Amino acid sequence: MSIERVAGFSDNGHPLLMKGSVAAVTEEKLNDSYSAETDSADEIAAKKKSDSIKRRELAYTYRSSSSRSEINDEEPAGPVSRAERRRKKAERSGEPKVKLNKKTLLRQKELIIITIPFILYGLLFYYAPLGGWLMAFQDYKPQNGLLGSEWVGLDVFKYLLNEKSFQLVFRNTLAMGIINLVLSFVFAIGFALLLNEVRLKGPKKFAQTVSYLPHFLSWIIVVGIIRDMLSMDHGIVNEILVGLGIVDGPINFFSKPGWFWWIVGFSNVWKETGWNSIIYLAAITAINPEMYEAASLDGAGRFGKMWHVTLPGIRPTIFILLLINLGNVLNVGFEIQYLLTNGVVKSVSETIDIWVLYWGIGQGDFSLGSAAGIFKSVIAIILIFLANSFAKATGEERLF
């Protein structure tokens, strides 16, 4: 067979394709292209899976790496002034600096006018009453006035902290505050996770609406519902317990001091779970859907996605709300304890607010009531600073 030369020699000295070998080479290329096409689907799927995993890992590590970026910055050898540190921090944040001058104020005068009523409201109802704190350092007498009463320094606080009745109500308030904090967080987050998994729009909206409604009910109505549910006479809880054979007879729940804190805690859960879940549902909507796709490729089910995607995605929101609510741990309320209390459970039902009502208003000891209010505020500030410092040390989201 004659072989005709198609071209010359290649650069490395090897002969180029001959006409007789064109068919063989063409057949080999077709076989290669066919095998490449058959492998392309698997390769594309593997590449997509790899890319999704990389995106998920980047999303997980982005926030922590960004929060630790300041640590990785090289610190100067010599001492740096506070102004210099602020300047470098502003440069790292990349936020533009706005100079406060007449031109800027005139350009934003509409916004300033809108905010004036809110500023006045805050000054009038939040800052002006702080002048009454002077009563905590005085032997306050209404007839002598705020400036004419005798100054006693910290004597009122010494009496307050040594008063056994205050120590008792402080214990009750702290215990109910911790129970409310834990239960409200667990149930609100759990409800938001489960509600997010509901795919049918109609049932989901119905469940949301029903869960929000108790928030708008007065505690008077809620306490009435609780009393009816836990009543010994045809109360639904006692009926279920007796019907299932768990107890022999109806239980008087309101005569059990050990159960009072839990009754208050679960009453708050029933009333506020739907409302507290709103912000978690909003945070869940901000999670990138590709994270769920990557988890599906890894074989994760619904609970796996909730644990490995949804919960890490709303973790910053959880930490911020936890820091805020820690400051309110002593604000356990007044109405439900006051309405559910009786002589049997009085030792565990009284809170600081009820104690202040009795001594500050009922007995006319305004100095003692003001000192108790200041005590609550100081404890709240200390808790917020401690929790914020812990969050900062662990690299989590923080308030400041």
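Matching residues to (1) free of Cβ contacts under 8 Å to residues at least 40 places away in the same chain; (2) outside the structural domain of residue 347 (by TED's automatic domain parsing):
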{"position": "109", "(1), (2)": "yes, yes"}
{"position": "118", "(1), (2)": "yes, yes"}
{"position": "121", "(1), (2)": "yes, yes"}
{"position": "141", "(1), (2)": "yes, yes"}
{"position": "166", "(1), (2)": "no, no"}
{"position": "183", "(1), (2)": "no, no"}
{"position": "189", "(1), (2)": "no, no"}
{"position": "207", "(1), (2)": "yes, no"}
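Against the conditions (1) crowded, with 20+ Cβ neighbours inside 10 Å; (2) assigned to a helix (DSSP H, G or I), residue 390 satisfies every one except (1). Does residue 222 qualify as being free of Cβ contacts under 8 Å to residues at least 60 places away in the same chain and aliphatic (A, V, I, L, M)? Spelling it out, it is not the case that residue 222 is free of Cβ contacts under 8 Å to residues at least 60 places away in the same chain and aliphatic (A, V, I, L, M). Here the range 260-312 is the region considered, the condition is being assigned to a helix (DSSP H, G or I) and among the polar types (S, T, N, Q), and the residue that is nearest to residue 223 (Cα to Cα) is 267. Residue count for the range 147-167, restricted to those that are under 24 Å from residue 354 (Cα atoms), surrounded by 10 or more Cβ atoms within 10 Å (Cβ to Cβ) and of a type outside the set (Lys, Arg): 11.
In the set 349, 370, 377, only one residue is surrounded by 17 or more Cβ atoms within 10 Å (Cβ to Cβ), of a type in the set (Ser, Thr, Tyr) and more than 22 Å from residue 254 (Cβ to Cβ); that residue is 370. When 358, 338 are screened for being without any contact (Cβ under 8 Å) to a residue 12 or more places away in the chain, assigned to a helix (DSSP H, G or I) and over 17 Å from the mean Cα position of the chain (by Cα), only 358 passes.
Within the range 226-234, does at least one residue satisfy the condition of being touching a residue at least 40 places away in the same chain (Cβ under 8 Å), in the same structural domain as residue 283 (by TED's automatic domain parsing) and surrounded by 15 or more Cβ atoms within 10 Å (Cβ to Cβ)? There is at least one residue in the range 226-234 that is touching a residue at least 40 places away in the same chain (Cβ under 8 Å), in the same structural domain as residue 283 (by TED's automatic domain parsing) and surrounded by 15 or more Cβ atoms within 10 Å (Cβ to Cβ).
Being in contact with a Lys or Arg (Cβ under 8 Å, 6 or more places away or on another chain) and within 30 Å of residue 400 (Cβ to Cβ) is the requirement here; does residue 297 meet it? No: the conditions fail for residue 297.
So, of the residues in the range 123-139 that are free of Cβ contacts under 8 Å to residues at least 40 places away in the same chain and of a type in the set (Gly, Ala, Ser), which turns out to be nearest to residue 369 (Cα to Cα)? Looking at residues that are free of Cβ contacts under 8 Å to residues at least 40 places away in the same chain and of a type in the set (Gly, Ala, Ser), I get 131.
The values are calculated or read from the model by the stated rules, or taken from the named source; none is laboratory data. Predicted model, so just to flag it, every value in this text is computed and none were measured. Don't worry about glycine lacking a Cβ; one is built from the backbone with ideal geometry, like all the others, and counts go over all protein chains shown.
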